[in-house]
Amino acid sequence: MAGRVETTEPVGKSVPRIDAYEKVTGAVQYVDDIPFGPNLLYGKFVRSPYAHALIKSINTSKALALPGVKAVVTGKEVPNRIGLYLKDRFVFPLDRVRWIGEPVAGVIAINEEIAEEAAKLVEVEYEELPAVFDPREAIKPDAPLIHPDLGKYEVVPFIFPEPGTNISEHFKLRKGDVDSAWSQCAAIVEDDFFVPQIQHVPIEPHCAVARWDKDGTVTLWAASQSPFAQRDLIAQSLDIPHGNLRVIAPYVGGGFGGKAGVSIEANVVAMSRAVPGYPVKVRMTREEEFLGTNVRQSCAAHYKIGCDKDGNLLAYECQYYFGGGAYNEYGVNITRAAGYSCTGPYDVPNVKGDSYCVYTNTQVGSAMRGFGMPEIHWGLEQMMDRLAEKIGMDKAEFRRRNCVRPGDKILTGMTMPQVDLVKCIDLVTKAINWDKKDKPSAPHKKRGKGIAIMWKAPAMPPNPGSQAIVRFNEDASVNVFVGGQEIGQGTFTVMAQMAAETLGVPYEWVRITANPVDTKYSPYEWQTVASRLTWSMGNAVKAAAEDARQKILQVVAEYWKEDPKDLDIKNGVVVSYKSEREQSLKKMVVYGLPNENYEGWQGGPIVGSGKFMPTYVTGLDPETGQGTRAVVHYTVGAQAVDIEVDTETGQIEVLKIASAYDVGKAINPDLVMTQIEGGAVHGLSAAYEGFYFDERGKLINNSLVDYKIATVMDIPKEIHGDIVETPLEDGPWGARGVGEHVMVQTAPAIANAISDAVGVRINTLPLSAEKVYLAMMKK
Amino acid sequence: MLHEITLTVNGEQRTVAVKSHHTLLKVLREQLGITSPKIGCENGECGACTVLMNGKAVNSCLVLAVEADGAVIETVENLSKEGELHPLQQAFVEHNAIQCGFCTPGMIMSAKGLLDRNPHPTVDEVKEALAGNLCRCTGYIRIVDAVMDVAKKGDA
Ligand code: FES
Ligand code: FES
């Protein structure tokens, strides 16, 4: 460590990413890069050609007869259901398929080509059933029932399916009295909005390798945000003792929620059981990634919102119908999150919200960056604009007036924790010169500005835990063991900063021992989701480092015959404020310290452990959604955009996006900025993304040519970011998460700017030049 | 049917027997153990597999291995020498132009392909050179800044 830069007290400093070197040199191994040797077998899925059908029979004999084919696995081999919040699916379906692309069987062969060939030879006899694709259709009483057994599924206590319908969750929010509030409103707006299914499109496709050893131990290597949750769910479903199932998850090449929970992994484990001792690899092609892995749910929303003549919000009514896809085991909680946050970041006295998760015969809707919030903010942030317009109030001012403030009793009855949303609004309006309208670059172009604000709580069970271990080496370098996953967000860097700060050692002395996360050795972490790691895993790391620190101080205090309270660790050296003595950490953190005249020793290898689990989240009343504490906290933020619309083509150019988020404390300010920038572009890209289906429910745009994501050519000229730091009560150094929030309200901010520029409203995503042009024509 | 090809990969001559329909990407990853070119689409749409072939950035998923017979191939593994990062790698680190890192090897090779033939490109030229490399994480800004930084210093 000599001769290198040493950063002391690194919290709040923009230290370089801890994973940068291995990533720029090509040394990083993602799952697909791990060598398994010539014994490796390859798996391919047989996929359903029908959106909804009964499986009458599966004949595997032709496939099995192909030389090189090792096994074919179907649903009957895995008869237990699986799911995170609602156990509504089989690993491979037993009797029914529910979307075009659903894996019906898994073929294992000695190479990919043979596996692919064999997959075509598996003969499945189907009886086609009527299908339904749109949640608004699927809730109708005569809609085809996608899950006739819904009433028999195991479900967590806070999710409420409605058996006999396609509704897998209905969240109700009732506050005040909406019905009598309308008469007091000076202005009311009411409208419908729609958000299509979109996909995460990580550049790394899903990949998993599984090996079922003859002694019953099972290893799964997966591109995964959720190694522990996968272990739990797969162990339950496949009757494997948890201790026998080892999930190994190296760096993830982009997650965004798409690698949360379980998608292909249980299938691959089930397949590997058929070929004991052989590793089996399944990697999604890009087409399969679109067709067969999880997506963001669609959402049809209806809003009615009113305010008084001074612009104070009085009443808010909404219905959200999430198109959850074929299985809603994860999606039900997105709908719940949308329900308990249904007003967006506004303080409204009277609220009636209904949020439904609805089965549809499409890809499985699941977690995606924002978890329900982009879907609901798309409409509600446009409605707030329209209400402000109606009452004749500046749109930023309208939001300042009505946005949530700490101490408010928010829609669920919970007291709003510390945040400063007004400051976020002030910063983005300033950054974008809100009051000034700039000249367009050509006579046929029009400039416009738009603003949108957001909130999002980590949406999860009440009690997801984090665990961390801090262990010293002889040279006083430190290994921090965590089970959270580095998916690009920079969590390893932030954890190293927190450990170093707590221990009193330079940042450069810390290594994060979590690549791969390995459920056999790594501390527990629920999942890398919900923007929860900085806060939750951070608290665990801080506790573990504090534990180790105390142990060191104890040993040195005894050695010096002083009080540990007078001692501190500074830059890797224990110092006494009382006697001004110093003791380097080197060696002593492993070998301990000798007593006087070497009359014995004390201390020994230093290891600290810590955990964090929120203990204060309460249940909510199923009829009203009211309760003491619905969520752990909220992160809030604002975005403002400056755009130019070509009136001859409808083309929109986003010139500038300004964002401000209240992160509590930026542990690494530049990494927060990289989230803000990447999120703004992700949000911009997502505004133009959407799945297109043919009338049978087959996905049409299943390649990167037809499903476009933003390239370097599409980025705004300028992305501005501001960081607000209002400390979170139980965050490490006050920090709260920001990974997802940064893209939530980009689309409505753009829509609001379009309205400002050319006076048209777009209610249905995706945006397109054509849509804007046609809307202008209609005007 | 197997074909024997000889190519120079990262300065070393390698001879391998390849199947006629296998791509350079597959051979690099599976037969030569060079895994920095990534599989993102195998269809020329993402740039994650970009390598330099005879000095030019190509999508290695679109090149048949037999076509690479006699070619000089360079991947990101070859850039850092004796523990010293290449200026592009250094710039990517300094600008935090990396998040998940999956696009990074391809990005760096596309940028190197550009700077090797045009050491002082404009921002637009940089964007054009990177237009085929998708990144879902960073929003590209840092990547363009990093490449421009090297271009300005002119020491690539
Ligand atoms: S893998 Fe070659 S371009 Fe995507
Ligand atoms: S850093 Fe993740 S795709 Fe570029």
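Observations
- Per residue of A:286-292, other chain Cβ atoms within 10 Å of the residue Cβ number 2 on average.
- Peptide B:38-48 has a mean shielding of 6, counted as Cβ atoms of other protein chains within 10 Å of each residue's Cβ.
- Solvent exposure ordering (accessible area, 1.4 Å, most first) of A:LYS449, A:LYS565, A:LYS409, A:LYS551: A:LYS565, A:LYS409, A:LYS551, A:LYS449
- Structural descriptor for chain A: relative contact order 16 percent, calculated from alpha carbon pairs under 8 angstrom and at least 6 residues apart.
- Most to least accessible of B:LYS38, A:LYS665 (protein chains only, probe 1.4 Å): A:LYS665, B:LYS38
- Number of partner chain Cβ atoms within 10 Å, mean per residue of A:486-493: 3
- Mean separation of Cα pairs under 8 Å and 6 or more residues apart, divided by the residue count, gives the range A:565-711 a relative contact order of 9 percent.
- Ordering A:VAL24, A:PRO227, A:TYR616 by the projection of their Cα atoms onto the charge dipole of chain A, which places +1 on the Cβ of Lys and Arg and -1 on the Cβ of Asp and Glu, puts A:TYR616 at the extreme positive end.
- When nucleic acids and ligands are ignored and a 1.4 Å probe is applied, A:SER263 ends up with an accessible area of around 10 Å².
- Dipole check for the range A:636-779: with +1 at the C-beta of Lys and Arg, -1 at the C-beta of Asp and Glu, and the Cα centre as origin, the magnitude is about 440 Debye.
- Total buried accessible area between A and B, probe 1.4 Å, nearest 100: 4000 Å².
- Estimated purely from DSSP H runs of n ≥ 4, each contributing -39500 (n - 2.57), the mean residue ellipticity at 222 nm for the protein assembly as shown is -7000 deg cm²/dmol once divided by its residues.
- Cβ-Cβ FRET estimate between A:ASP408 and A:VAL607, R0 fixed at 45 Å, reported to 0.05: 0.55
- Here is the tail figure for the protein assembly as shown: Cα pairs spaced more than 51 Å apart come to 18 percent of all pairs.
- Sequence-distant contacts, meaning Cα pairs under 8 Å at least 6 residues apart, place the relative contact order of chain B at 23 percent.
- Mean Cβ neighbour count within 10 Å, used as a protection proxy, ranking A:501-509, A:310-318 highest first: A:501-509, A:310-318
- Excluding ligands, DNA and RNA, the accessible surface per residue across the range A:682-760 is 33 Å² with a 1.4 Å probe.
- Debye equation applied to the C-alpha atoms of the range B:2-76, log10 I(q)/I(0) at 0.19, 0.23 Å⁻¹: -0.65, -0.99
- When each of A:LYS456/A:LYS542; A:LYS586/A:LYS665; A:LYS395/A:LYS430 is checked by Cα-Cα distance, pairs over 21 Å: A:LYS456/A:LYS542; A:LYS586/A:LYS665
- Rounded to the nearest 20 debye, the dipole magnitude of chain B is 220 debye, with +1 charges on Lys and Arg beta carbons, -1 on Asp and Glu beta carbons, and the Cα centre as origin.
- In the context of the full protein assembly, A:VAL358 retains an accessible surface of approximately 0 Å², using a probe radius of 1.4 Å and ignoring ligands and nucleic acids.
- The range B:2-76, accessible surface, carbon-and-sulfur percent (1.4 angstrom probe): 45
- When the Cα positions of A:THR764, A:HIS206, A:PRO144 are compared along the charge dipole of the protein assembly as shown, A:PRO144 comes out farthest toward the positive end, with charges on each C-beta of Lys, Arg, Asp and Glu.
- Debye, to nearest 20: dipole size of the protein assembly as shown, +1 on Lys, Arg Cβ, -1 on Asp, Glu Cβ: 540
- Listed residue (A:GLY739, A:VAL724, A:ASN752) projecting farthest to the positive dipole end of the range A:712-778, Cβ model: A:ASN752
- Pairs from A:LYS259/B:LYS26; A:LYS352/A:LYS423; A:LYS446/A:LYS779 whose Cα-Cα separation, in the structure shown, is over 22 Å: A:LYS259/B:LYS26; A:LYS352/A:LYS423
- Computed FRET value (nearest 0.05) for A:ASP215 with A:GLU596, which takes r as the C-beta separation and R₀ as 51 Å: 0.45
- Ligands, DNA and RNA left out, the 1.4 Å accessible surface of the range B:87-153 is 49% carbon and sulfur atoms.
- Phi angles across the range A:224-241 convert, under the Karplus curve 6.51 cos²θ - 1.76 cosθ + 1.60 with θ = phi - 60°, into 3J(HN,Hα) values of 9, 8, 9, x, 6, 5, 5, 4, 4, 5, 6, 4, 5, 5, 9, 6, 10, x Hz, Gly and Pro given as x.
- Protein-only accessible surface at a 1.4 angstrom probe places the residues A:ILE159, A:ILE700 in the order A:ILE700, A:ILE159, largest first.
- For A:ALA187, the amide hydrogen comes within under 5 Å of the amide hydrogens of A:CYS307, counting only partners 5 or more places away or on other chains and with H modelled in the peptide plane.
- Heavy atoms of A:TYR42: accessible area, 1.4 Å probe, square angstrom to 10: 40
The values are calculated or read from the model by the stated rules, or taken from the named source; none is laboratory data. Small disclaimer: the values here were computed from a predicted structure and weren't measured. No Cβ is skipped: glycine too gets one built from the backbone with ideal geometry, and neighbour counts run over all protein chains shown. Areas reflect the complete protein model, heavy atoms only, side chains present, ligands, DNA and RNA absent. Shrake-Rupley method; radii C 1.70, N 1.55, O 1.52, S 1.80 Å.
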